[in-house]
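Encoded as structure tokens, the structure appears first; notes follow it.
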Amino acid sequence: MRKLSRATLVFLIFLNGYVSLSLELAVLRQLSFYVGSSAVITSIIMAIFLGFMSFGYFMGESERVNNGKIRGVLNISFLVIAFLSVCAASFPLITYYFSAMYSGGLTSGVIQTFIYSLIFLSVGPFLFGFNTTLLSRELHTYSHKSTGNIMAWDTIGSVFGSIATTLLLMPFFGVNYTVVLITALSVVGALILRRRWWVWIVCGMVLGASLYINSNTYQKQRFGILVNNANSTISVCETIDERILYMNGLPMSVYRRDKSGMADYIDYLNENFIDTMPADNTYKILVLGAGGFTLGLNDTHNDYTFVDIEHTLKDVSEQYFLRQKLSPNKKFIVADASQYLKNTDEQYDFILLDVYSNSYQVPESLITVEFLERLKSRVAPNGIIALNMIVKPEFGDKYSRVFDNTFKAVFPYNTMRQVIGGMSPWHNTFGASNVIYVYYNIENDGRIYTINKTPVIYDR
């Protein structure tokens, strides 16, 4: 078998680095649908990924793989990586995995992620490290001073994988076709190393499976997925009576055909805050986290600004969810909620914060004291802020208690807390619920009544 050229070896090192980081980013994005993208989840994935990759570096030096077998071993390695890329990063297969976890009673996102990483992110990363060492051994036959070049091209491949995946491929082609590209590049690596008939057949089967499972047609028919990009996985589920907009695993909005109502918490906000606005004035309303644009859907009088990081949301909502155009008094701005508040000087009469990245999880940066203070600075005098939170109404977990403390640290006065739906203060019967936190921006001097000083008659 003819020896691989130096340029070919450098390209394979670059390709190995590209595929490794691109796969890691694709997996992080796909898993965010089910377990979010918190620091804990990310650290589990990265630790297992890098740990097994390091093990691969060591094993690549094993004398059991003599120099005459390196090319054949690398060929098999790239084939296995192509197959594992399909298994580890394809949304339909990930969905089956989490369905099995929930059916088996494992509901902890941390445990689910750890088991997933051990199953799907051990062999692949191991082979990435293994490949790098084997390719290095081959390159060293040309020169023993190639260590710097090896590290540089592997890193350059990772840099290109990071930039291309997050800035180009996932936003414009979708996560699903990014997975197909990762599979295709692994197949290219395998074919460069060996082009026997059975390699072509295996490559064709793996690439064909990736194309089928990750095609827009299959994912739309099987899961109703309309968008699967760097920010969001969006689908619309339709029944006889209603349509439900799902974003990242969470039912974001409900639209009932008979117009009897929307999601329960949206009905509450519409009935008590939007529909009661006096008609003799035009109020400025800011919605952070546009959802399905159902807040004030039938209000054609007041001035609405919807802000969301997902640029496809308006088109998807109008075409598949609402199936009607938004009225002219509603504008949509594609931006991060915190950055929008930072960059605008506008003050609003009513602000709704409704930002869920996946089931039950608000992005961590949007529930901090610093963000809530920024939010408070954008409400007009006599204006109102409402936050839709999914927490335990009876303060049954630390998250519910600590968020309540955080809210009160910024909004100590003129607040209320409305539970949507049923609850029990004695038992965690209902689990987490929509809880609306409300702040009224009205002057309050902080006075209290004491037995010594109780001027109630004057205050009333």
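The values are calculated or read from the model by the stated rules, or taken from the named source; none is laboratory data. These numbers come from a predicted model, not from an experiment. All Cβ positions, glycine included, derive from the backbone under ideal geometry; neighbour counts span all protein chains shown. Calculation scope for accessible area: heavy atoms of the full protein, side chains included, ligands and nucleic acids excluded. Shrake-Rupley method; radii C 1.70, N 1.55, O 1.52, S 1.80 Å.
Summing Lys and Arg as +1 and Asp and Glu as -1 over all other residues whose Cβ lies under 12 Å from the Cβ of Asn343 gives a net charge of 0.
Which order do the peptides 276-286, 371-381 take when ranked by the mean count of other beta-carbon atoms within 10 Å per residue, highest first?
Details: 276-286: 13.8, 371-381: 16.5.
Output ranking for 276-286, 371-381: 371-381, 276-286.
In whole Å, what is the distance between the alpha-carbon centres of region 201-252 and region 322-342? Rounded to whole Å, the Cα centres lie 25 Å apart.
Are there trypsin sites (Lys or Arg not before Pro) in region 147-244 that DSSP marks as loop and that have at most 11 other Cβ atoms within 10 Å, and which are they?
Details: sites: Arg194, Arg195, Arg196, Lys220, Arg222, Arg243; in loops: Arg194, Arg195, Arg196.
Taking region 147-244 and a limit of 11 other Cβ atoms within 10 Å, the loop trypsin sites (Lys or Arg not before Pro) found are Arg195, Arg196.
The label point for Ala100 and the one for Asn272, both projected 7 Å from the Cα toward the Cβ, are 4.5 nm apart. In terms of the Cα gyration tensor, with a ≥ b ≥ c the square roots of its eigenvalues, is region 23-82 rounded because a/c is under 1.5, prolate because a/b exceeds b/c, or oblate? The shape class here is oblate. Mean separation of Cα pairs under 8 Å and 6+ residues apart, divided by the residue count of the chain: what relative contact order is that in percent? That works out to 14 percent.
If r is the Cβ-Cβ distance from Val110 to Val419 and R0 is 30 Å, what FRET efficiency results, to the nearest 0.05?
Values: r = 27 Å, r/R0 = 0.92.
Using R0 = 30 Å, I get an efficiency of 0.65.
Probing with 1.4 Å while keeping every protein chain in the model, the per residue accessible area of the chain equals 48 Å². Amide H to amide H, with H built 1.01 Å from N, Leu250 comes under 5 Å of Ser359, counting only residues 5 or more places away or on other chains.
For region 349-460, the gyration tensor built on C-alpha atoms gives an oblate shape. Its axis ratio a/c (a ≥ b ≥ c) is at least 1.5, and a/b is not larger than b/c.
Of all beta bridges that DSSP places with both ends in the chain, some 60 percent have antiparallel geometry. Under 20 Å of direct C-alpha separation, and excluding same-chain neighbours fewer than eight residues apart, Lys3 reaches these aspartates and glutamates: Glu61, Glu63, Glu138. Its Cα centre serving as origin, the chain has a Cβ charge dipole (Lys and Arg +1, Asp and Glu -1) of approximately 2040 debye.
When only alpha carbons are used to place a centre, region 71-125 and region 131-197 end up 20 Å from one another.
Helices assigned as whole DSSP H runs in the chain whose Cα atoms extend at least 20 Å along their own long axis and whose mean Kyte-Doolittle hydropathy is -1.0 or higher are found at 6-35, 39-59, 70-89, 123-139, 147-163, 175-193, 197-213.
What Kirkwood radius, in Å to one decimal, follows from the Cα pairs of region 68-165?
On the way: mean 1/r = 0.0630 Å⁻¹.
Hydrodynamic radius (Kirkwood, Cα pairs) of region 68-165 is 15.9 Å.
Of the peptides 7-18, 413-424, the order by per-residue mean of other Cβ atoms within 10 Å, starting with the highest, comes out as 7-18, 413-424. As a size descriptor, the averaged projected area of the C-alpha convex hull of region 1-105 was calculated at 8.4 nm². Given the alternatives (i) -0.35, -0.93; (ii) -0.31, -1.03; (iii) -0.27, -0.95, log10 I(q)/I(0) by the Debye sum over Cα atoms at q = 0.06, 0.11 Å⁻¹ as computed for this entry is given by (i).
Too long at a 26 Å Cα-Cα cut-off: which of Lys284/Lys325; Lys330/Lys408; Lys342/Lys392; Lys342/Lys398; Lys220/Lys392? Exceeds cut-off: Lys330/Lys408; Lys342/Lys392; Lys342/Lys398; Lys220/Lys392.
Based on C-alpha pairs under 8 angstrom that are at least 6 apart in sequence, region 84-240 has a relative contact order of 26 percent.
What does the helix-only formula give at 222 nm for the chain: each DSSP H stretch with n ≥ 4 adding -39500 (n - 2.57), the total divided by the residues, and the result rounded to the nearest 500 deg cm²/dmol? After summing the helix terms and dividing by the residues of the chain, the value is -15000 deg cm²/dmol.
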